[in-house]
1. Within the stretch 140-167, which residues are touching a Gly at 6+ places or on another chain (Cβ under 7 Å), touching a residue at least 24 places away in the same chain (Cβ under 8 Å) and of a type outside the set (Lys, Arg)?
2. Return a yes/no flag: does the stretch 40-47 have any residue that is farther than 23 Å from ASP233 by Cβ, in contact with a Lys or Arg (Cβ under 7 Å, 6 or more places away or on another chain), modelled with pLDDT of 95 or more and not polar (S, T, N, Q).
3. Hey, any hits in the stretch 164-171 for a residue that's buried (at least 18 other Cβ atoms within 10 Å of the Cβ) and not in a helix (DSSP H, G or I)?
4. Quick one: GLY74 ticks every box in (1) under 29 Å from GLU219 (Cβ atoms); (2) of a type in the set (Gly, Ala, Ser); (3) surrounded by fewer than 16 Cβ atoms within 10 Å (Cβ to Cβ) bar one, so which box is it?
5. Take the residues in the stretch 25-53 that are part of a strand (DSSP E or B) and not basic (Lys, Arg), then tell me which one is nearest to PHE229 (Cα to Cα).
6. Pull up the stretch 3-15, narrow it to residues that are under 16 Å from ILE130 (Cα atoms) and of a type outside the set (A, V, I, L, M), then point me to the one that is farthest from the chain's Cα centre (by Cα).
7. Can you find even one residue in the stretch 142-151 that is modelled with pLDDT under 95, within 24 Å of PRO90 (Cα to Cα), assigned to a loop (DSSP other than H, G, I, E, B) and assigned by TED's automatic domain parsing to the domain that holds ASN100?
8. In the same structural domain as LEU85 (by TED's automatic domain parsing), surrounded by fewer than 16 Cβ atoms within 10 Å (Cβ to Cβ), β-branched (Val, Ile, Thr) and under 27 Å from GLY153 (Cα atoms), is that true of ILE238?
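The values are calculated or read from the model by the stated rules, or taken from the named source; none is laboratory data. The model shown is predicted, which means the values in this text are computed figures rather than measured ones. Positions of Cβ are backbone-derived with ideal geometry, glycine not excepted, and every protein chain shown enters the neighbour counts.
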Amino acid sequence: MQLDGKTALITGAGSGIGKAIAEVFAREGAKVILNDLSPAAGAVAEAVGGAFIQADLSDQRAVKDLARQALELGPIDILVNNAGLQRIHPVDEFPLETWNLMLQVLLTAPFQLIQYTLPTMKQKRWGRIINIASLHGLVASPYKSAYISAKHGLLGLTKTVALEVGEYGITCNAICPAYVRTPLVESQIADQARTLGIPEAEVVGQVMLAPAAIKRLIEPVEVAEYALFLASDKAGAITGSAQVIDLGWTAR
């Protein structure tokens with residue numbers, strides 16, 4: 001199996017993309033450590049034979065404690081920064097406390113976890129850092145200023161870390177998907193369908209994915225399988241990249 005003997009820490013692993021990555025990595029032999037804010041994620045960890053550490057990534061001290069607890073379980077070979085949230089506001093009405101919250105969870109927490117896990121990766125001279133960014137790390141949409149700023153920043157962090165740690169056999173890459181079928185996205189679809197008075201299928205094809213060539217949601221396992229490739233030895237020459245899974249959105 002591709003990840004035999006490896007230990008992976010995955011944030012936001014209770015549902016959606018993070019859950020799928022945990023399942024795929026465990027299938028391929030990795031010891032998986034799942035982090036999530038919700039204690040319900042413990043059931044996911046149990047199902048895949050992994051460990052669960054509950055932590056609120058909006059608290060910098062909690063992030064440090066998460067890293068400490070994870071490293072007590074063994075050296076981290078693979079770090080997947082996946083945890084996220086979204087808030088929609090016009091930029092001139094965006095509350096500063098919400099802005100700070102989103103940048104902490106989406107950008108500062110990944111920075112912290114990279115710092116905390118790099119020393120053991122350097123010692124082993126092997127490591128994989130995978131940041132789950134977004135299509136919105138590459139392009140902008142209205143009313144998502146904090147989210148888009150954080151995801152653009154995450155791509156910059158990805159590139160910088162890649163340049164700093166390449167000599168140690170460590171790679172750092174980002175995955176940039178368009179809309180993925182997660183609980184968050186499905187709730188957004190339902191909300192827009194009610195607001196616009198149209199079927200949910202039309203929200204996906206005509207509103208959310210209007211610029212895309214393929215009019216469907218990406219399944220979490222599609223992102224997970226791509227993360228598996230980046231975590232494997234097969235992708236040892238790929239680093240500092242933004243791997244796009246965008247249904248043709250940016251082809252225009």
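1. Across the stretch 140-167, the qualifying residues are LEU154, LEU155, THR158, ALA162, LEU163.
2. yes
3. Checking the stretch 164-171: at least one residue is buried (at least 18 other Cβ atoms within 10 Å of the Cβ) and not in a helix (DSSP H, G or I).
4. Just one mismatch for GLY74, condition (1).
5. Checking each candidate, the answer is VAL32.
6. Looking at the filtered set, the residue picked out is LYS6.
7. Scanning the stretch 142-151, I find at least one residue that is modelled with pLDDT under 95, within 24 Å of PRO90 (Cα to Cα), assigned to a loop (DSSP other than H, G, I, E, B) and assigned by TED's automatic domain parsing to the domain that holds ASN100, so the answer is yes.
8. When the stated conditions are applied, ILE238 passes them.
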